[in-house]
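Q: Once you've had a glance at the structure underneath, I'll fire off some questions.
The values are calculated or read from the model by the stated rules, or taken from the named source; none is laboratory data. Since the structure is predicted, the reported quantities are computational estimates derived from the model, not experimental observations. Cβ atoms come from the backbone with ideal geometry, glycine included; neighbour counts cover every protein chain shown.
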Amino acid sequence: MYKLKNVNGRVNALLRTGKDFVKNNLSVSAAQHIIDTGKLVKSDNPDYPICIDNQWYFEDVEVKKTAKKAQLSSMYGEMKEDK
């Protein structure tokens, strides 16, 4: 699972152009569109672990999994059904 690393709504990305790369700074929505319409593949660049179609590379943030269970009651107490 990935989560785009964004700063003020912008995402750092690399675009492969032949054997070279061009560094880009895209809006989160533009980056998400590229991801949604492309195919996620294994990245060969550890600094940009999200790779789409071996062409676009994006930075990500580590998503920590938590083992906490969801709280079933609210801070106002349990909800009671009216009869």
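Q: Please specify each residue of the stretch 10-28 satisfying the condition of being among the small types (Gly, Ala, Ser) and modelled with pLDDT of 95 or more. Even if it seems obvious, please write down each step before you answer.
A: Of the residues in the stretch 10-28, the ones among the small types (Gly, Ala, Ser) are 13, 18, 27.
Matches in the stretch 10-28: 13, 27.
Q: Name every residue in the stretch 6-40 that is exposed (fewer than 15 other Cβ atoms within 10 Å of the Cβ) and in contact with an Asp or Glu (Cβ under 7 Å, 6 or more places away or on another chain), in order of residue number.
A: If the condition is that a residue be exposed (fewer than 15 other Cβ atoms within 10 Å of the Cβ) and in contact with an Asp or Glu (Cβ under 7 Å, 6 or more places away or on another chain), then 38, 39 are the ones that fit.
Q: Might you check whether a residue that is of a type in the set (A, V, I, L, M) and assigned to a strand (DSSP E or B) occurs anywhere in the stretch 47-64? Even if it seems obvious, please write down each step before you answer.
A: Kept after step one, since they are of a type in the set (A, V, I, L, M), are these residues of the stretch 47-64: 50, 52, 61, 63.
After this cut, where a residue has to be assigned to a strand (DSSP E or B) as well, the list is 50, 52.
The answer is yes, given that some residue of the stretch 47-64 is of a type in the set (A, V, I, L, M) and assigned to a strand (DSSP E or B).
Q: Another question about this same structure. May I ask you to list the residues in the stretch 1-24 that are in a strand (DSSP E or B) and farther than 21 Å from residue 62 by Cβ?
A: 15, 16, 17, 20, 21, 22, 23, 24
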